[in-house]
Number of protein chains: 2
Amino acid sequence: MKIGLVGLGLIGGSFALGLKEKIENLEVLGVDQNTDHLFKAKELGIIDEISTLDEICRQVDVIILSIPVNAIRQVLPRILDQVNGNQLVVDFGSTKKAICDSVRHHSKRQHFVAAHPIAGTEYSGPQAAFKELFEEKVMITCEQELSGQNQLVVFNELCSHLDMKMRFMTAEVHDLHLAFVSHLSHITSFALSNTVLDKKDTESHIFDMAGSGFASTVRLAKSSPDMWAPIFQENKAHLLEGIDEYIAQLQSFKESLEDGNEEELRAFMQKANMIKETVDQLK
Amino acid sequence: MKIGLVGLGLIGGSFALGLKEKIENLEVLGVDQNTDHLFKAKELGIIDEISTLDEICRQVDVIILSIPVNAIRQVLPRILDQVNGNQLVVDFGSTKKAICDSVRHHSKRQHFVAAHPIAGTEYSGPQAAFKELFEEKVMITCEQELSGQNQLVVFNELCSHLDMKMRFMTAEVHDLHLAFVSHLSHITSFALSNTVLDKKDTESHIFDMAGSGFASTVRLAKSSPDMWAPIFQENKAHLLEGIDEYIAQLQSFKESLEDGNEEELRAFMQKANMIKETVDQLK
């Protein structure tokens, strides 16, 4: 089997490494705008050959797009123009509606599977990739009814090699849910990081006393702006709603604190404690 | 040596377990309002004997207060009334100014060391205690100039057994810094948890897609309301400032998003990325 990997970062790189462990004679051709990433990915064994978009459209069985969501919307229609036979094109973008909409009426829409693996770390680039990243994680696919049967079978097989759990939903529900359980977390971390960094201007030793709790809460603030700026823009409507609801929670807490209302403060925290059962199930 | 441990939760319990590993013949007497915690702490070997406040004031060399900050302010003056000789009383409260103020003019002020170990997890109770919690962590002491020399020597020795790093500062600076690098993190987590829990009312499967990033960001939302309500109230002024500055960051991000201003979004994240060097040094 031949795979064309477009985007050789954490997600694409880890997917390729995981599959190489499980599929004999798997050949991976790599494409990336970043030349350093191309050579690094080759050196790390993520790809076997440096290639081009046109070349992989001619040669491979499966094309995987793991690049920023705005770039996916740009290249996906051009790739679909060129595919034929049973070729499969998958994207791993973190928003799904705009991408699905961009090829909804493409004559070769059936070659495309819109997917999103719920896996990642705060690191990026091929050097961040590791073969276990996808193990037992959730792979979401959207608008499956528009994908070809052959393409779905191939994609499900790839995911089953990595012991992934398949979930299906509409692109709309995907984007709304992800806004709240992923994208909003990143915004809260970026904002917390900036709040404390600003304080450092007058309190230069402020980080001396930061502990593991702070580290956990701002971990996502290390994430890549190149990846996240397009995600935020493509999921703007849901995120504006999420930010408003989040600020309303903070305002409510602040009022209870201003009033010295201990009962309200406790009720706020006791409700929040119910996240325990959810968090304990996650790695 | 005899230690009287008042409050047998994660912090007090871990401190005792760590010292028992290093000091031969260390005897620990325990006091707690929660009877279950008393028996559990005895069963786990955190304490050797169940005791009372009056009894430990008579018997022990070192009294450690690891109870909610409002409770510390209540019992600390009563304990100081009873101590004599070279007895040392230490508190481990997460706010320092109100506690220091409450005994500033006590005739036995020199027996007291105001301390705060920068260590913890989101779990609580004696069953959460473990002997490695304090290893190589920071121990802050405030207003050392009001503590007796003998008392400081004893406390520093205890901390050196646990390989802790000592830091000194005013209670005012402590409370301001902790508001930003610890207390605010807890508020942002509680608020994020409540935001998503509210969304669950209409989107029942919303947690299906939560991943490790979400877990990291809401981890602190599992923290104990009993411990945190008094901390928030005692550090109210700094926290109101911190919440305002945090909301201002979120508003600024929201405006950039509304305007579709990609340059501003990237600048916001690039600045936040500078937290990397801080976070990578923390466990």
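We did not get these values from a lab; they are worked out from the coordinates using the rules stated. All of these numbers come straight from a predicted model, not from anything done at the bench. Note that we place each Cβ from the backbone using ideal geometry, even for glycine, and neighbour counts take in every protein chain shown.
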Handout entry: Shielding by partners, peptide B:246-256 (average Cβ within 10 angstrom, other chains)
Key = 6
Fill in the blank from the handout: Out of B:Thr35, B:Pro68, B:Gly125 - ranked by how far each Cα lies towards the positive end of the dipole of chain B, with unit charges on the beta-carbon of charged residues - the top one is B:Thr35
Problem - Dipole magnitude of region A:174-281 about its Cα centre (Cβ charges: Lys, Arg +1; Asp, Glu -1), debye to nearest 20 - result: 400 debye
Handout entry: Other-copy label distances relative to A:Met166, 7 angstrom Cα-Cβ extension, nm
Key = 6.3
Fill in the blank from the handout: Amide H neighbours of B:Ile63 at under 5 Å, excluding residues fewer than 5 places away on the same chain, with H built from the backbone geometry, are B:Gly4, B:Leu88, B:Val89, B:Val90
Exercise for the section: Once the label point is placed 7 Å from Cα along Cβ, list for A:Lys276 the distances to the corresponding points in the other copies, in nm, shortest first. Expected result: 3.7
Fill in the blank from the handout: Everything considered on the Cα gyration tensor (a ≥ b ≥ c; rounded for a/c under 1.5, else prolate if a/b is larger than b/c, else oblate), the protein assembly as shown must be described as prolate
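Order these peptides, A:118-126, B:51-59, by their mean beta-carbon neighbour count within 10 angstrom, highest first.
A:118-126, B:51-59
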Exercise for the section: Before rounding to the nearest 500, sum -39500 (n - 2.57) across all DSSP H runs of length at least 4 in chain A and divide by the residue total; then give [θ] at 222 nm in deg cm²/dmol. Expected result: -15500 deg cm²/dmol
Exercise for the section: Report, by chain and number, residues whose modeled amide H sits under 5 Å from the one on A:Val138, excluding near sequence neighbours (fewer than 5 apart, same chain). Expected result: A:Ile118, A:Lys165
Fill in the blank from the handout: With one decimal in nm and the nearest listed first, the spacings from B:Asp198 to its own position in the other copies, using label points 7 Å along Cα-to-Cβ, are 2.2
Fill in the blank from the handout: Note on region B:2-169: alpha-carbon gyration tensor, axes a ≥ b ≥ c; rule is a/c under 1.5 for rounded, else prolate if a/b larger than b/c, else oblate; result rounded
Problem - Shielding by other protein chains, A:226-237, mean Cβ within 10 Å - result: 3
Handout entry: Karplus (6.51, -1.76, 1.60) ³J(HN,Hα), θ = phi - 60°, over region A:216-224, in Hz, Gly and Pro reported as x
Key = 5, 6, 9, 3, 5, 5, 7, 5, 6
Completion exercise
Rounded to the nearest 10 degrees, the helix A:184-200 long axis (Cα) sits at an angle to the longest Cα principal axis of chain A of 50 degrees
Fill in the blank from the handout: Whole-number value, in Å³ per residue, for the convex hull of the alpha carbons of region A:96-196 is 129 Å³
Handout entry: Lys/Arg +1, Asp/Glu -1 at C-beta; the protein assembly as shown dipole; positive extreme among A:Leu239, A:Ser223, B:Met1
Key = B:Met1
Problem - Separation of alpha-carbon centers, region B:17-38 and region B:107-135, rounded to whole Å - result: 12 Å
Handout entry: For B:Ala114, residues with placed amide H under 5 Å, excluding near neighbours
Key = B:Cys142
Practice task
Sort out for me the Cα centre separation of region B:136-161 from region A:190-253, rounded to whole Å.
Solution key: 35 Å
Fill in the blank from the handout: In terms of the charge dipole of chain A, which places +1 on Lys and Arg and -1 on Asp and Glu at the beta carbon, the residue among A:Ala115, A:Ile187, A:Gly211 farthest towards the positive end is A:Ala115
Problem - Mean Cβ neighbour count within 10 Å, used as a protection proxy, ranking B:30-41, B:186-197 highest first - result: B:186-197, B:30-41
Problem - Net charge dipole size for the protein assembly as shown [Lys, Arg +1 and Asp, Glu -1 on Cβ; Debye, nearest 20] - result: 460 debye
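About its Cα centre, how strong a charge dipole does region A:80-210 have in debye, to the nearest 20, once Lys and Arg get +1 and Asp and Glu get -1 at the Cβ? Write down the numbers at each step before the final one.
Numbers: 11 positive and 17 negative charges, 75 e Å.
Magnitude of the dipole: close to 360 debye.
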